[in-house]
1. Starting at the first residue of segment 36-45, write each ³J(HN,Hα) from the Karplus equation 6.51 cos²θ - 1.76 cosθ + 1.60 with θ = phi - 60°, in whole Hz, x for Gly and Pro.
2. Counting only the heavy atoms of the protein chains, how much of Arg33 is accessible to a 1.4 Å probe, in Å² to the nearest 10?
3. Give me the percent of accessible area attributable to carbon and sulfur for segment 1-66, probe 1.4 angstrom.
4. What whole-number distance in Å separates the alpha-carbon centres of segment 1-65 and segment 89-115?
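The values are calculated or read from the model by the stated rules, or taken from the named source; none is laboratory data. Not measured: the values here are computed from a predicted model. Side chains included, ligands, DNA and RNA excluded: accessible areas come from the protein's heavy atoms. Shrake-Rupley method; radii C 1.70, N 1.55, O 1.52, S 1.80 Å.
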Amino acid sequence: MTSQTAQSAALALIQDFYREKLAMMLRHQAHARLVGQYDANNTYQYIINREDVQLSWLSKAIADLGGGNPEPLEPPAVETHSNKRSVHVLFEEDAHGAHAFVERWRPRVESVTNARVKGTLQVILGETMEQKRFFEQALAGRTDLLGKRGDAAGPAQGAVLAARWVE
C-alpha cells in the first residue's frame, strides 16, 4: 500500500469514527435533558465534556491528514421519558451503545498503522468503556458515579432543569 493510499484509508477511518462518536455525543446530550437526578445528570455532563474533547482530538487528526470534518448531524429525536423506569431505559440504551461502539471499532483500531492515531483511538475506546461503567452503575441505582459527597453535604436534593438557560 502506498503512503498516499494508507493516508487516505486512515483519513476515511477517522472520519467514520468521528461521525459515530458525534452521533453518540448528540444522543447523550438529548438524554441528559431527560435525566433530572442531580448525580446522574452530572455524569452525563462529564461524559459529554469528554466526548467534546475526544471530537477535538479527532478533528485535529483529520486536519493533519488533509481532510475536513464530516458534516454536522441532526440531533436525534428522543422520546420524552417522565418516570424512573423510563430513565432506566436511557441508561440501558447508553450502556449498550457504548459497548456496541467499542466492539465495532476495536478490531478496526487494532489495524491502524499510524501510532499516534491508533493511540488516540484506543484512549477514546477506553474512555467509552468508562462511560459504559457509569451507565451500568446508574442502572444499579448508584449516585456516587463521579465520587462521594462528604457526610455534611448529604444526598443531592431536587432535580436539574432540562434547559440550561431560562429566560
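1. x, 4, 3, 5, 5, 5, 4, 5, 4, 4
2. Looks like 130 Å² after rounding.
3. 53
4. 12
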